[in-house]
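Read through the structure below, which is laid out as structure tokens, and then see the notes.
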Amino acid sequence: PQEWISLFQAWLLFLPNFFKDHYDKRIHPRLLISGKTLEKAKYLAHFPQNVFATANQSNLLPQFITPAACLHVYPRLEDKKINHFSAFITAHCARFEDGKWKHPYRLQDFHMAELVVLGNEKTVNKKKHDIQVLLEKTFTEFGFKGNFENATDAFFLGQDNGAKVMQQLKKLKQEYVVKDGKQSIAIASINSHEEFFSKHFNIKNKSNLAHSFCTA
């Protein structure tokens, strides 16, 4: 419907401006992401069932449709030392989700807007807290009254029971959940990666691995 298209375009204009005081760089990625990047990020190892691969008639590594926007960020910082890095990125993404998507809340392909922050642990945790407070306040003002809750689905650690327990104990992924009738809908998430992506892409903050988080 046209009103959905108009709402989508309004969000595309609103979100970069809403977060403008919290990022230094905007990233406009291409649709595809390399298999090498997904391997390094452990996405292919942890979520092979989610990815859409392109048909490949050459000897090149396969290309995939981006499963999460922030995965375009870490290769740009590979083997670098940073003091602080923050970026806003909007990407056209797709996930198979085991074939179980439900319109309009879970789509086969979708756009994802993310704020990604890397730096030392203290700074990253402070920024994550500030963003959580900002989102709670803003969603409530928009009429989306809800709460941040621990997520039960995995984001980066994998899907085995140990990884899921660790994610929930450390509150690494939290989702802002609202009610629509009898069902609960997650409309945003905050994901604390600790040193996970920095370890795999060798991103340093001074002499230590950088910490990172994203909100999607």
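The values are calculated or read from the model by the stated rules, or taken from the named source; none is laboratory data. Please read these numbers as outputs of a predicted model, since none were measured by experiment. When we count neighbours, we look across all protein chains shown, and the Cβ atoms used for this are built from the backbone with ideal geometry, even at glycine. Ligands, DNA and RNA are excluded from the accessible area calculation, which covers all protein heavy atoms including side chains. Shrake-Rupley method; radii C 1.70, N 1.55, O 1.52, S 1.80 Å.
Give the range of the longest stretch in the chain that excludes all trypsin sites (Lys or Arg not before Pro) found in loop regions by DSSP and having at most 14 other beta-carbon atoms within 10 Å.
Values: sites that count: Arg30, Lys80, Lys100, Lys102, Arg106, Lys145, Lys170, Lys171, Lys182, Lys206.
That gives 31-79 as the longest site-free run.
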**Message:** Can you find, among Ile82, Gly181, His193, the residue sitting farthest towards the positive end of the charge dipole of the chain, where Lys and Arg contribute +1 and Asp and Glu -1 at Cβ?
**Reply:** Ile82
**Prompt:** Which ³J(HN,Hα) values, rounded to whole Hz and listed in residue order, are derived for the stretch 177-182 from phi using the Karplus coefficients 6.51, -1.76 and 1.60 in 6.51 cos²θ - 1.76 cosθ + 1.60 with θ = phi - 60°, glycine and proline given as x?
**Reply:** 10, 10, 9, 10, x, 8
**Request:** Report the residue, chosen from Val124, Val51, Val133, that carries the largest GNM mean-square fluctuation when the chain is represented by alpha-carbon nodes joined by springs under 10 Å.
**Result:** Val133
**Cut-off under 5 Å, modelled amide H: who pairs with His111 long-range** = Cys93
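When the helices in the chain are scored as -39500 (n - 2.57) per DSSP H run of 4 or longer and the sum is shared across all residues, what 222 nm value do you end up with, to the nearest 500 deg cm²/dmol?
Details: 6 runs with 63 residues, N = 216.
About -8500 deg cm²/dmol.
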**Asked** What is the calculated FRET efficiency for Phe14 to Lys179, with r their C-beta to C-beta distance and R₀ = 25 Å, to the nearest 0.05?
**Response** 0.65
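Take the chain, mark every one of the chymotrypsin sites (Phe, Trp or Tyr not before Pro) that falls in a DSSP loop and has at most 13 other Cβ within 10 Å, then report the longest stretch left between them, sites excluded. Don't skip to the end; give the middle numbers.
Working: sites that count: Tyr105, Phe142.
By the stated rule (loop sites, at most 13 other Cβ atoms within 10 Å), 1-104.
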**Fill in**
Charge tally for neighbours of Asn208 with beta carbon under 13 Å away, counting Lys, Arg as +1 and Asp, Glu as -1, is +2
**Prompt:** Top to bottom by accessible area (1.4 Å), largest first, where do Leu7, Leu44, Leu172 land?
**Reply:** Leu7, Leu44, Leu172
**Asked** What number comes out for the charge environment of Gln63, summing +1 per Lys or Arg and -1 per Asp or Glu over other residues with Cβ under 12 Å away?
**Response** +2
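Step by step: find N for the chain, compute 2.2 N^0.38 Å, then divide the Cα radius of gyration by it. What's the final number? Let's see the in-between values first.
Working: Rg = 17.2 Å, N = 216, 2.2 N^0.38 = 17.0 Å.
It is 1.01.
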**Request:** Find out how many positive minus negative residues lie around Tyr74, taking Lys and Arg as positive, Asp and Glu as negative, among other residues whose Cβ is under 15 Å from that of Tyr74.
**Result:** +3
**Listed residues Ile65, Ile27, Ile89, most fluctuating in the chain (Gaussian network, C-alpha, under 10 Å)** = Ile27
**Request:** Starting from the amide H of Gln63, placed 1.01 Å from N in the peptide plane, find each other amide H under 5 Å away whose residue is 5 or more places distant or on another chain.
**Result:** Thr54
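If the chain between Arg30 and Gln2 were fully stretched, how many nm would it gain, using 0.36 nm times the residue separation less the Cα-Cα distance? Walk me through the numbers before you get to the answer.
Working: separation 28, 0.36 × 28 = 10.08 nm, distance 2.57 nm.
7.5 nm is the gain from fully extending Arg30 to Gln2.
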**Most positive-pole-ward Cα, Gly119, Gly143, Trp4, against dipole of the chain from beta carbon charges** = Gly119
